[in-house]
Structures are given as structure tokens and as C-alpha cells.
1. Restricted to segment 125-142, and to residues that are part of a helix (DSSP H, G or I) and free of Cβ contacts under 8 Å to residues at least 40 places away in the same chain, which residue is surrounded by the most Cβ atoms within 10 Å (Cβ to Cβ)?
2. Can you name every residue in segment 6-49 that is at pLDDT 95 or above and surrounded by fewer than 10 Cβ atoms within 10 Å (Cβ to Cβ)?
3. Return the residue satisfying two criteria in turn: it lies in segment 50-82 and is touching a residue at least 24 places away in the same chain (Cβ under 8 Å) and either touching a Cys at 6+ places or on another chain (Cβ under 8 Å) or acidic (Asp, Glu) (or both), and of such residues it is surrounded by the fewest Cβ atoms within 10 Å (Cβ to Cβ).
4. Quick check on my filter: what residues within segment 83-123 are surrounded by 13 or more Cβ atoms within 10 Å (Cβ to Cβ), over 13 Å from Gly138 (Cα atoms) and of a type in the set (Ser, Thr, Tyr)?
5. In contact with a strand residue (DSSP E or B) (Cβ under 9 Å, 6 or more places away or on another chain) and either within 14 Å of Thr45 (Cα to Cα) or part of a helix (DSSP H, G or I) (or both): is that true of Ala121 in this structure?
6. With of a type in the set (Asp, Glu) and not in a helix (DSSP H, G or I) as the only criterion, which of Glu61, Glu72 stands out?
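The values are calculated or read from the model by the stated rules, or taken from the named source; none is laboratory data. This one's a predicted model, so the numbers in the text were calculated from it and none came from an experiment. No Cβ is skipped: glycine too gets one built from the backbone with ideal geometry, and neighbour counts run over all protein chains shown.
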Amino acid sequence: MNTKTWSMLKGDIRQRLFTLILMLCITPMVWADKPVAPNSISGITTVTTDQSIALILNSPELIVIDARLIEEYQKGHIEGAVNLVDRDVTKESLANILPDKATPILIYCNGPRCLRSSRAARKALKHGYKNIYWFRDGWADWMKNELPIAH
């Protein structure tokens, strides 16, 4: 290998190393700035993973709403969940899925660092739905506990 090639290779390695170090330093700062979902929402029942499982198993009328992006939903979701991204939660979209406003709803997204499910739950409440369960720990906790998923 000639000197010019070696110098170029060293420069490339230095640049990659610099980029890696920069990413390792910046990523925690970006994550720290990401908002955290509230612990609870007035008028909505916050549930744990175990309570979510119990609802799914014991409430056949329960509708599970996955408020994550379609790409995330397609990679895996809670079995039977309907994908309805928070920005698409309207009076009409909810009525298509839940014509009876008394039907219990379980809403989740990626977990405490994801605000989609809290926004979707608030919108459902605003549109007159009364029996709303918010799975705050969401998909992150579902996967951590190695629970069954559908694709």
C-alpha cells in the first residue's frame, strides 16, 4: 500500500471514529430532550402490562388501538389491535371502529417516551368515549416481557 492510500485510509478511519464518538455523545442528549408521557390522564384509566393482559383476556368486547405509525405496527403489534395513529383519531375514525361509546378501549404506543397513545386517548375522551384504558408502558414493556405479538 502506498503512502497516499495509507493516508486516505487513516483519514477515513479518523472520520468514522469521530462520527461514532459524536453520535454516542449526542444520542443521550437527544433522548433526554424527548418528552415523557404523563403518569396519568384525568378521565382515563392508566393500566400496567398485567392489567392490559387481564383486560384483553377477560373483556371480549375490548377494542385494542395501536397508536403507533403503520410501519411500526406492521413489524409487530398486540394480537387483534387496530392501527389508528394519534393524528388520525377523529370522531369519524373512532365511530368506524367503536360505534358504541361505552365499548372499552385499550390504547397503547411505544411507551413512556411516546406521546401518541396519550394524545389518542385524550381525543377519544373528547369525542365522548367513556371506558378508556391507557397502556402507558405500551409496546416497549410488552416486548420486554416477551409477550405474544402478531404481524
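1. Gly138
2. Within segment 6-49, just Ser42 meets the criteria.
3. Here the answer is Glu61.
4. Ser93, Thr103
5. yes
6. Glu61
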